[in-house]
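Each value in this text was obtained by applying a stated rule to the coordinates, not by laboratory testing. What you see is a predicted model; the values in this text were computed from it and never measured. Methodologically, a virtual Cβ is constructed for each residue, glycine included, from the backbone with ideal geometry; neighbour enumeration extends over all protein chains shown.
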Amino acid sequence: MTASARPLRRSPAAWPAVLVASPAALVVVHATGVGPPVGAAVGLWFALSCPGAAVVGLLGIRDRLVALVLVMVVSLSVDTAVATALFYAGAWAPGTATAILVALSLGGALLQSRRRGRP
Amino acid sequence: MIMAPALLAGGLALWARSLGGIDLRAMDDLGLVSVLPAPAGAGIALMVLGFGLAVRRPDHRWALVAGLGALVVVLYGTTVAVGEAPRGPVVWRHAGVAETLARTGTVDPTIDAYFNWPGFFTLTALLTELGGMSSAMAMVRWTPVYSNLVLLAALAWLYRTATPDPRLRWLALGLFALTNWVNQDYYAPQTFALLLFVVVVAVLRQWFTPTPPPAGDDGGGGDHAGEEDGTVPRAALMGIVVLMAGVVAASHQLTPFAMTAALAALVLVRRCAARGLPLLVGVLTLAWLAFMAVAYLKGHLPVIAAEIGDLTDVARKNVADRVAGSPEHRMVVRTRLAVTAALWLLAAVGTLRLRGARRTDLGMVALGAAPFPLLALQPYGGEMLLRVYLFSLPFVCYLAAAAFLPSPAAGRSAASGLAVAGCTLVLAAGFLVSRYGNERMDQYTGAEVEAVEAMYGSTRPGGLLVAGAANLPWKSRDYERYDYLALATTWPETGGAAEALAGAEQAMRDHGDGGAALILTRSQAAYTDLLGLLPPGALEELERMASASPDLEVAHRNRDAVVFVLAPEPAP
């Protein structure tokens with residue numbers, strides 16, 4: 001068994017908190033109309049980390065490098081899939097895309113928290 | 001122990017202090033090296049040497065991480081740091097495509113090829129909105145630096161699946177940083193798709209490698225979880241792989257074919273347990289072509305079909321036609337070919353040395369060779385050889401590094417250290433020439449960007465934008481609402497600038513709503529001169545004639561550009 005494939009029954013403790021705090025920060029930034037650079041940093045952080053962390057956090061990968069790369073790349077892939085689907089469906093609206101990604105993040109946080117709570 | 005960090009820090013300081021001495025306006029057709037101050041070059045050399053020394057002591061990981069990061073900033077950020085605007089016309093166009101999607105809310109595949117593979121641009125539209133930015137241009141400038149850093153992180157993972165020897169892994173990463181000269185790391189679908197391609201391969205090598213390895217494969221001793229390992233849910237991992245493959249299929253024309261070839265190669269050498277995956281990715285690729293890119297195929301299928309298998313045409317467009325232009329530019333192209341050949345030769349030596357050390361990894365060899373059949377597919381506008389180089393580069397760099405460090409016991413001698421130092425220094429010099437050889441035309445000044453703004457201010461959506469050549473920072477807004485004309489593509493055989501100007505004026509007069517403007521810039525002239533597309537000085541002559549024409553008037557002029565519009569009709 002290798003370092004990157006050690007069994008993991010719990011996601012890293014901070015992930016569920018990040019998956020809740022990041023969308024919250026995004027909502028605050030948008031509601032208050034904070035623009036770049038703070039608004040851009042919050043928006044890009046959310047887009048580049050949360051969708052991937054919601055999924056990868058459930059996989060039980062403890063290796064930091066592998067998890068970091070997967071979180072970013074899966075985030076980009078999920079973002080792209082959501083945006084592309086909305087465009088082709090004729091339903092593109094930034095708010096809709098954001099709502100879907102926020103729901104995914106919160107869902108991931110919930111699942112990871114429940115898993116952490118198991119004995 | 002202190003030597004490597006000292007060289008890295010000293011080199012970085014020397015480079016940083018020299019930045020102010022770089023005058024990009026003074027470049028000739030050799031590009032950046034023609035204006036690079038000697039201390040800056042010396043700083044880069046010191047950093048390369050420092051990194052090479054650090055590789056010999058891989059237990060000091062912080063020095064390697066910081067050293068490689070600094071090297072990437074220096075190698076990929078020099079012209080970004082001293083330039084005045086994002087380089088090259090393509091990033092501006094890509095921002096325009098994303099702006100069109102965000103503004104219209106729909107994908108109209110009849111506009112052009114970008115709208116048949118819109119994945120990356122829908123992502124850009126989303127990121128722009130989430131970041132509260134007015135345009136994607138706000139995040140494109142430093143893309144070459146951060147895209148290489150992210151890619152190197154993915155490669156660090158990939159190389160761990162190939163060898164337990166940290167020296168070999170770090171040297172391979174360093175070689176990648178020194179040889180990724182092909183300029184496919186700017187804000188573009190190719191940059192995005194290459195990252196996903198590498199991660200798909202890393203996932204498969206980490207979790208879908210059959211154990212034990214087949215005959216003839218010594219496995220290399222890399223970090224594989226093995227197919228029996230059940231600690232990470234395979235179905236979820238496969239779902240992620242399919243998601244990434246689907247996103248690549250929706251984002252880029254060529255990468256899905258490279259990915260299919262790579263996965264098929266892995267299965268062929270029995271280094272991928274997911275044997276049906278190449279078929280699935282191939283079907284995804286063809287399904288996207290058949291159902292989502294129909295508009296593109298309708299207009300291009302006969303041309304694409306005619307080019308398949310025409311190796312003479314591929315060789316002509318990818319090599320012969322590229323060794324053209326000014327004498328300095330021909331030297332740049334020959335340097336690129338030499339660097340490419342040297343790296344491939346090193347990889348061949350590395351493959352043999354790995355075999356001799358009984359550390360063959362057939363998977364890495366197969367992945368390095370997999371993109372080459374793409375050459376038979378089509379010339380890809382004369383860029384297929386570049387793309388083959390790019391798709392094979394992650395694996396070729398590993399094999400090339402193995403030429404010096406085929407086993408953990410090898411490469412400990414002073415002679416070996418000198419060989420690594422000499423090779424990396426030569427590659428660094430080759431990188432600066434190869435990557436930045438077109439810099440005179442790739443760089444845009446603030447004045448040129450200002451002139452493009454003035455051009456948009458002189459016209460309205462629906463108008464006609466005429467340029468001497470299509471090398472300028474345009475199309476970043478209202479992409480689909482303007483008509484574009486580049487005179488260099490229809491430059492008359494006889495009559496030269498006078499005929500070209502007459503044609504431009506006629507087109508401007510004939511155009512209906514939105515008005516029309518003719519823009520001539522410094523970088524357009526550099527582009528046509530450097531590549532030898534027009535007779536030397538042709539666009540300067542065109543500008544003189546346009547300035548003297550009674551049918552045109554100057555709407556904007558600065559030191560690097562001029563914008564003309566039609567003069568008002570004289571009163572009867």
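Only helical runs count toward this figure. For chain B, summing -39,500 (n - 2.57) over DSSP H runs of n ≥ 4 and dividing by all residues gives -19000 deg cm²/dmol at 222 nm.
Helix B:384-402 and the longest principal axis of the C-alpha atoms of chain B enclose an angle of approximately 30°.
The calculated FRET efficiency for B:D59 paired with A:A41, based on their beta-carbon distance and R0 = 25 Å, is about 0.10.
Nearest 5 is fine: what % of DSSP beta bridges in the protein assembly as shown come out antiparallel, could you say?
On the way: 11 of 19 bridges.
Of all bridge pairs located within the protein assembly as shown, approximately 60 percent are antiparallel.
Only Cα pairs under 8 Å and at least 6 apart count here; give the relative contact order of chain A as a rounded whole percent. Don't skip to the end; give the middle numbers.
Details: 132 pairs, mean separation 45.3, N = 119.
RCO, chain A: 38 percent.
Modelled this way, with points 7 Å down the Cα-to-C-beta line, the labels at B:R330 and A:L65 are 4.5 nm from one another. What is the antiparallel percent of DSSP beta bridges lying wholly in chain B, to the nearest 5? For chain B, the DSSP antiparallel bridge percentage is about 60.
Nearest 0.05, what FRET efficiency do A:A89 and B:Q506 give at R0 = 45 Å with Cβ-Cβ as r? Kindly include the intermediate steps, with their values, before the conclusion.
Details: r = 44 Å, r/R0 = 0.98.
Plugging the Cβ-Cβ distance into 1/(1 + (r/R0)^6) gives 0.55.
Compared with the dominant Cα axis of chain B, that is its longest principal axis, helix B:277-287 is turned about 10°. Ranking of B:W344, B:W491, B:W15 by neighbouring Cβ atoms within 10 Å, starting from the fewest: B:W344, B:W491, B:W15. Modelled this way, with points 7 Å down the Cα-to-C-beta line, the labels at A:A14 and A:A99 are 3.2 nm from one another.
Inter-part distance, the range B:486-554 to the range B:333-360, computed on C-alpha centroids, equals 46 Å.
List B:S326, A:S22 from most exposed to least, where exposure is judged by having the fewest other Cβ atoms within 10 Å.
Details: B:S326 17, A:S22 21.
Ordered by Cβ neighbours within 10 Å, fewest first: B:S326, A:S22.
Annotation: the antiparallel percentage among DSSP beta bridges lying fully within the range B:423-572 is about 60. Distance between the 7 Å Cα→Cβ label points at A:R115 and B:I304: 4.0 nm. Counting neighbouring beta carbons within 10 Å and listing from fewest to most, the residues B:M238, B:M244 come out as B:M238, B:M244.
At R0 = 51 Å, how high is the FRET efficiency between B:D313 and B:A447 if r is their beta carbon distance? Nearest 0.05 is fine. Working shown, then result.
Numbers: r = 40 Å, r/R0 = 0.78.
Plugging the Cβ-Cβ distance into 1/(1 + (r/R0)^6) gives 0.80.
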